[in-house]
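The values are calculated or read from the model by the stated rules, or taken from the named source; none is laboratory data. All values derive from a computational prediction rather than experimental measurement. Here the Cβ positions follow ideal geometry from the backbone for every residue, glycine too, while neighbour counts run over all protein chains shown. Note: accessible area is taken over every heavy atom of the protein model, side chains too, but ligands, DNA and RNA are not part of it. Shrake-Rupley method; radii C 1.70, N 1.55, O 1.52, S 1.80 Å.
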Amino acid sequence: MKNKAVIRTLVLLLAFVFALSVTGCDNKPTQGTTSITTAAPTPTTQTPTTAAPKEVLPDVPANRYDATKTPRTGNNATKPLVVSTGTLDGKFNPFFYTSGYDGDVISLTQISLLYYNKYGAPEAGINVPSFAYDYKQEVSADNSTSTYTFILKNGITFSDGKPVTAKDVLFSIYVLCDPAYDGISTFYTMNIQGLKEYRLQTSADVLEMVDKILESGIKTGENGEMVINPASGVTAEQQEAFWKYLDEAGENFAQEIIDYVNTNYVSYIPSYFAPYTPEQVASDPNLQAAYGMVMWGFGELDEDGKFTDSMGNSYDLSKDTVDAKIYWKNILDAYGYDLTDAGINYEKAGELTIQDYVCQAYISNEGRAAGGVKSISGITSGKIVCDDGVEREYIKVVTDGVDPTAIFKLGVVVAPMHYYTDGYKGQLNEYGVVLDSKEFMDFLKTKNSKPVGAGPYVFQEYKDNVVTYTANDNFMMGSPKIKTFRYQEITLGAELDAVKTGTVHYSDPSASMAIINDITSKQGDYAKLDYILVDNDGYGYIGIQGQAIPEFEVRKALAHAFNVQLAVDDHYGELASVNYRTMTKVLWAYPDNPENMFPYDGTGETSKALFLKAGYVYDEANNIMKYPEGHEKAGQQVTFKFTLPSEAKDHPAGSIFVDAQKVLDKIGVKVDIEIDQNLLSKLSTAYESGIQVWAAAWGGGGVDPDMFQVWYSDPAVNQGTSPARSGLYYLYNNGTEEEKAMLRELNELIIAGRSTLDTEERKAIYKRALELSTGIAVEIPTYQRKNMFVYNAEVIKSSTLFRGDDVTPFQSPISFIWNVELN
């Protein structure tokens, strides 16, 4: 019931490219340190090294620039580089920032365990801006565990001169894993050995019992009551003791939604929660809860400010209580005790499911381990002598199973433990944290105003909408060429004007051919500007609902009538390219130069042949294509409804639809083009809403090319809404034998792609999977648009920016900011 008029904010992670690496360090630990073991089923005994390690030198590039030895000159020494940013929240803390703009401010001051390159691939090494000198991942023979070993660089310092060590990595990890942590990171959801036991402070035996209880689950009884399903290996009393915490857990589940909405959707309050203002909502828990329910589709507000929830109960928000308890009752009323991803968990705002919340509530009350769990067993550290004879620290992480996305969560920011704990009066454990302490987490948040790290720049101040930095001459990749850097807050939509007027030197306005033409003209204020284009992480598509149009040949007939090139020629021009697979082209798994599986035929003859193959009847004398015998509309003219969210002239697929209407008219097929501004909110129930063919776009592809959520079509395994939207669940059970075979193979490939970390193997898997997902003709890819960077070429030396193929959604022109220079 989420309000689809507002797209939920997602944390955009880097797209996944991974090549197995071999570390430059052997498996022999130095004496007295934790041993690194291989992923072989039988552990091996390690022999301590006897040779004295070589002299420890900093692991930094040989020819890096050092401003203390060769001072900056000219504008690099005296002028600032000013880059635009959006409105800042001022939460400049690597653990607790809540906006991408604040994250940008922080990132200039930090380094991470790994670096993610222009392809989104994790990297480590002396010539790479990562704290890891190298890394290795190993998978056990039976795929039961994955082991990640990160060798750490020597001689790296924070901007205050103090050394960066394994303790800082462990501190950062333990903050993110703490049960009291309430920031945006989802590191704690990883399947690291011992992590659940640590977070819940319980034993493996208790977790095993809980797993059995969750496996059997609950359901809704005939009278709406909760019914506990029979389970093996646990008693009825244990099940009852567990599920009695459902309501407590449900209130926490609902509260997370409320908090999420009020953190991420403040700017929408005037549009969706008038007459109340953001200031009123921020100070009133009643309004916060009601706003959360409105934005998630569980209530509405009338013009007088009266709130009515989805159960029909009305509230005067000036005096009546609206809270997480009421919200939870509305969720139960909507879904009963359906705990699937299509049920209650469809509403979740974060990573935690309702089952996770019940588990937390039960264990915190009844399942705590005696003496507690002091550490995470799957995370260890020590020292190792590498092949070059140098001793370095390492961090080892062991996870259960195989997860290709784990490497992205493991590349944590390495925050200085000494800075972020300085001034805390309590007792810290060996990892620099206080376990499950809200007081300690609140103390960490007192450091929100000034980030400190080992990044290229040192934060100076945030004043009058400007963030000012000075260069960190200790930065491991070398002193930044420009001494002073600034972020200037710019109103959304004013980015281009800010560059033209000189308020900023670099920005990212919404791309348009008008801007390109103006800059190319080199007239007036545009004479000093230049631009760089980059592919957007997402793609446009035309949906063909598989249950509404179940005949395979008919869906293919429609696909051959779509001239997808028109989205480029008539709408985007230079700002887009054609896409031929159901995946964003920026991902490494996108195949090289794929063929168009549905070549456009403007004569309509290809489409006509496919209609006839499907049994449809063509009345040549009257040019009418008719539904076949046995169809509920037998003998009537074939008619389809194409739906757009805006006028055809304004939509990228508009000219495609208008052209297809003409092509299909040539063979007697009628097409009605409908405009529905609420189209996107209806797609989750496309078939029930009478939507047959529509145009939309997918957003960012995320960290990995995994296709499960959208394309895994067995409803017994995947309870997501995307396959229902496209009609894949229906086709899996009711399609032709050819369609069923295609979907079974696709499902097998999706699982195979999740079961290996070998990039080349996965690339071959996804190449075939994309042929099947595109070929089933429920989603016809259309275009991949571009975004834009604009900069003042009189101020910034263009040759020091990334350009061309080096600019991707994962690497901007100024990603290596330390190399950028001013003219």
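Let me spell it out: the conditions are (1) in the same structural domain as Asp569 (by TED's automatic domain parsing); (2) under 24 Å from His560 (Cα atoms), and Asp714 meets all of them except one. Which number is the exception?
Asp714 satisfies every listed condition except (2).
Do we have Glu739 as open to solvent by 20 Å² or more (accessible area, probe 1.4 Å) and either assigned by TED's automatic domain parsing to the domain that holds Asp706 or of a type in the set (A, V, I, L, M, F, W, C) (or both) here?
Answer is no for this residue.
Taking the criterion of being of a type in the set (Gly, Ala, Ser), assigned to a loop (DSSP other than H, G, I, E, B) and surrounded by fewer than 19 Cβ atoms within 10 Å (Cβ to Cβ), would at least one residue in region 408-421 satisfy it?
No - not one qualifying residue is present in region 408-421.
Taking region 90-116, which residues are within 17 Å of the chain's Cα centre (by Cα) and polar (S, T, N, Q)?
Answer for region 90-116, where residues must be within 17 Å of the chain's Cα centre (by Cα) and polar (S, T, N, Q): Thr98, Ser99.
Within region 198-243, track down each residue that is crowded, with 17+ Cβ neighbours inside 10 Å and among the hydroxyl-bearing types (Ser, Thr, Tyr).
Answer for region 198-243, where residues must be crowded, with 17+ Cβ neighbours inside 10 Å and among the hydroxyl-bearing types (Ser, Thr, Tyr): Tyr198, Thr202.
Go through the residues of region 474-481 one by one and say whether even a single one is touching a strand residue (DSSP E or B) at 6+ places or on another chain (Cβ under 6 Å) and surrounded by fewer than 22 Cβ atoms within 10 Å (Cβ to Cβ).
yes
So which of Tyr572, Tyr590, Tyr531 is more than 24 Å from Ala724 (Cα to Cα) and in contact with a helix residue (DSSP H, G or I) (Cβ under 6 Å, 6 or more places away or on another chain)?
Unique residue meeting the criteria: Tyr531.
Is at least one residue of region 730-746 in a helix (DSSP H, G or I) and hydroxyl-bearing (Ser, Thr, Tyr)?
yes
With the checklist (1) more than 25 Å from Leu113 (Cβ to Cβ); (2) out of contact with any Ser or Thr (no Cβ under 9 Å at 6 or more places or on another chain); (3) crowded, with 20+ Cβ neighbours inside 10 Å in hand, flag the one item Asp518 doesn't pass.
Failing condition for Asp518: (3).
Only residues in region 224-246 that are within 13 Å of Leu214 (Cβ to Cβ) count as the first member; pair them with residues that are hydroxyl-bearing (Ser, Thr, Tyr) and assigned to a helix (DSSP H, G or I), Cβ under 6 angstrom, at least 6 apart or cross-chain, and list the lot.
Hits for this filter: Asn229/Ser216; Ala231/Ser216; Phe242/Tyr362; Tyr245/Tyr362.
Mind listing just one residue for me: the one in region 764-801 that is without any contact (Cβ under 8 Å) to a residue 24 or more places away in the chain and open to solvent by 40 Å² or more (accessible area, probe 1.4 Å) and, of those, farthest from Gly573 (Cα to Cα)?
Kept after step one, since they are without any contact (Cβ under 8 Å) to a residue 24 or more places away in the chain, are these residues of region 764-801: 764-765, 768, 799.
Now drop any that are not open to solvent by 40 Å² or more (accessible area, probe 1.4 Å), which leaves 764, 768, 799.
On the way: Ala764: 32, Arg768: 30, Ser799: 27 Å.
Among them, the one singled out is Ala764.
Filter region 770-791 down to the residues that are within 18 Å of Val534 (Cα to Cα) and not aromatic (Phe, Trp, Tyr) and list them by number. Reasoning before the result, please.
First, pick out the residues of region 770-791 that are within 18 Å of Val534 (Cα to Cα): 782-791.
Selection gives Thr782, Gln784, Arg785, Lys786, Asn787, Met788, Val790.
Determine which member of the set Val458, Val452, Val385 is of a type in the set (A, V, I, L, M), in a loop (DSSP other than H, G, I, E, B) and crowded, with 18+ Cβ neighbours inside 10 Å.
Going through Val458, Val452, Val385 in turn, just one is of a type in the set (A, V, I, L, M), in a loop (DSSP other than H, G, I, E, B) and crowded, with 18+ Cβ neighbours inside 10 Å: Val452.
Kindly provide the set of residues from region 162-184 that are out of contact with any strand residue (DSSP E or B) (no Cβ under 9 Å at 6 or more places or on another chain), open to solvent by less than 40 Å² (accessible area, probe 1.4 Å) and not β-branched (Val, Ile, Thr), ordered by number.
Of everything in region 162-184, those that are out of contact with any strand residue (DSSP E or B) (no Cβ under 9 Å at 6 or more places or on another chain), open to solvent by less than 40 Å² (accessible area, probe 1.4 Å) and not β-branched (Val, Ile, Thr) turn out to be Asp168, Phe171, Leu176, Asp178, Pro179, Ala180, Tyr181, Gly183.
For region 135-241, list the helices (runs of 4 or more DSSP H) that sit wholly inside it and hold at least 1 residues that are among the charged types (D, E, K, R) and within 24 Å of the chain's Cα centre (by Cα); which are they?
By residue number, 195-200.
State whether the residues of region 588-610 include one that is within 21 Å of Gln545 (Cβ to Cβ), in the same structural domain as Ala686 (by TED's automatic domain parsing) and among the polar types (S, T, N, Q).
There is no residue in region 588-610 that is within 21 Å of Gln545 (Cβ to Cβ), in the same structural domain as Ala686 (by TED's automatic domain parsing) and among the polar types (S, T, N, Q).
Within region 105-126, can you find the residues that are open to solvent by 10 Å² or more (accessible area, probe 1.4 Å), aliphatic (A, V, I, L, M) and part of a helix (DSSP H, G or I)?
Residues satisfying the conditions do not exist here.
Is it true that some residue in region 549-570 is open to solvent by less than 30 Å² (accessible area, probe 1.4 Å) and over 24 Å from Glu605 (Cα atoms)?
Yes, because at least one residue in region 549-570 is open to solvent by less than 30 Å² (accessible area, probe 1.4 Å) and over 24 Å from Glu605 (Cα atoms).
Somewhere in region 84-104, is a residue in a strand (DSSP E or B) and either touching an Asp or Glu at 6+ places or on another chain (Cβ under 6 Å) or open to solvent by less than 30 Å² (accessible area, probe 1.4 Å) (or both)?
yes
How about region 261-277: which of its residues are open to solvent by 40 Å² or more (accessible area, probe 1.4 Å) and either assigned to a helix (DSSP H, G or I) or under 23 Å from Asp182 (Cα atoms) (or both)?
Looking only at region 261-277, we keep the residues that are open to solvent by 40 Å² or more (accessible area, probe 1.4 Å), and these are 263-264, 266-268, 270-272, 274-277.
Listed by number, the residues that qualify are Thr263, Asn264, Val266, Ser267, Tyr268, Pro270, Ser271, Tyr272.
Hand me the list of helices (runs of 4 or more DSSP H) wholly inside region 615-711 holding 1 or more residues that are open to solvent by less than 50 Å² (accessible area, probe 1.4 Å) and touching a helix residue (DSSP H, G or I) at 6+ places or on another chain (Cβ under 8 Å). Show your work before the answer.
On the way: elements: 654-665, 679-682, 708-711.
In region 615-711, 654-665, 708-711 are the helices (runs of 4 or more DSSP H) which contain 1 or more residues that are open to solvent by less than 50 Å² (accessible area, probe 1.4 Å) and touching a helix residue (DSSP H, G or I) at 6+ places or on another chain (Cβ under 8 Å).
Give the number of residues within region 802-813 that are open to solvent by 40 Å² or more (accessible area, probe 1.4 Å) and within 30 Å of Phe598 (Cβ to Cβ).
2
Val466 is checked against (1) closer than 30 Å to Asp569 by Cα; (2) surrounded by fewer than 16 Cβ atoms within 10 Å (Cβ to Cβ); (3) hydrophobic (A, V, I, L, M, F, W, C) and fails just one. What number does that condition carry?
(1) is the only condition that Val466 fails.
Looking at Asn579 and the list (1) open to solvent by 30 Å² or more (accessible area, probe 1.4 Å); (2) within 18 Å of Phe657 (Cα to Cα); (3) in contact with a Gly (Cβ under 9 Å, 6 or more places away or on another chain), which single condition is not satisfied?
Condition (1) is where Asn579 drops out.
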